[in-house]
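Working notes for the structure below.
The values are calculated or read from the model by the stated rules, or taken from the named source; none is laboratory data. As the structure is a computational prediction, the values presented were derived from the model and not from experiment. Please note: Cβ atoms are built from the backbone with ideal geometry, for glycine as well, and neighbour counts cover all protein chains shown. The accessibility values were calculated without ligands, DNA or RNA, using every heavy atom of the protein model including side chains. Shrake-Rupley method; radii C 1.70, N 1.55, O 1.52, S 1.80 Å.
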Amino acid sequence: MSTTAKEFQAAAATRSALDQQLYTLVGRSVKEVRITRVHWPDGKRWVAMVIGASGREVPLRDGGLHHQAAIILREAFPHANWSRAQDYDVATGVLREHRVRMPACLRGDEL
């Protein structure tokens, strides 16, 4: 099993367009978007957690905004593995598979 996360780099024009779309959707500058698939009573949906420039989560009051943010990035990166959660860094334009790193103390490394 590979431990490296696959990543995709958006071209400058795409990165700029995504930045503008996310700003318009959220109403403020966005630093990062984390996308995951969840099971709702009406089926599976893609949702996004948006991190603002301050490093804090931006509350998306309208439930549909989570889905719209996810769709914006899914359309921009059609070749990503969307069966896995993804993280998008707005500043660099990089979309990478979300990986949770095991803490060193659980890998047997010294504290």
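List every residue pair whose Cβ atoms sit under 7 Å apart, with the two residues 6 or more apart in sequence or on different chains, where the first one lies in region 42-60 and is open to solvent by less than 30 Å² (accessible area, probe 1.4 Å) and the second, anywhere, is part of a loop (DSSP other than H, G, I, E, B) and modelled with pLDDT under 90.
50/60
Scan region 12-41 residue by residue and report those that are open to solvent by 60 Å² or more (accessible area, probe 1.4 Å) and not polar (S, T, N, Q).
12, 13, 15, 19, 23, 28, 31, 34, 37, 39, 40, 41
How many residues are hydroxyl-bearing (Ser, Thr, Tyr), within 11 Å of the chain's Cα centre (by Cα) and open to solvent by 80 Å² or more (accessible area, probe 1.4 Å) if we restrict to region 80-97?
Residues meeting the conditions: 0.
From (1) β-branched (Val, Ile, Thr); (2) outside any helix (DSSP H, G or I); (3) surrounded by 10 or more Cβ atoms within 10 Å (Cβ to Cβ), pick out the condition that doesn't hold for residue 100.
Exception for residue 100: condition (3).
In the set 30, 58, 47, which member is within 16 Å of residue 92 (Cβ to Cβ) and in contact with a helix residue (DSSP H, G or I) (Cβ under 6 Å, 6 or more places away or on another chain)?
Sole residue among the options that is within 16 Å of residue 92 (Cβ to Cβ) and in contact with a helix residue (DSSP H, G or I) (Cβ under 6 Å, 6 or more places away or on another chain): 30.
State whether the residues of region 66-79 include one that is open to solvent by 100 Å² or more (accessible area, probe 1.4 Å), under 26 Å from residue 101 (Cβ atoms) and outside any loop (DSSP other than H, G, I, E, B).
The answer is no, given that none of the residues of region 66-79 is open to solvent by 100 Å² or more (accessible area, probe 1.4 Å), under 26 Å from residue 101 (Cβ atoms) and outside any loop (DSSP other than H, G, I, E, B).
Working only within region 23-69, note down all residues that are small (Gly, Ala, Ser) and either at pLDDT 90 or above or more than 15 Å from the chain's Cα centre (by Cα) (or both).
Hits for region 23-69 are 27, 29, 43, 52, 53, 54, 55, 63, 64, 69.
Assigned to a loop (DSSP other than H, G, I, E, B) and of a type in the set (Gly, Ala, Ser): which single residue out of 17, 91 fits that description?
Within the list 17, 91, the selection yields 91.
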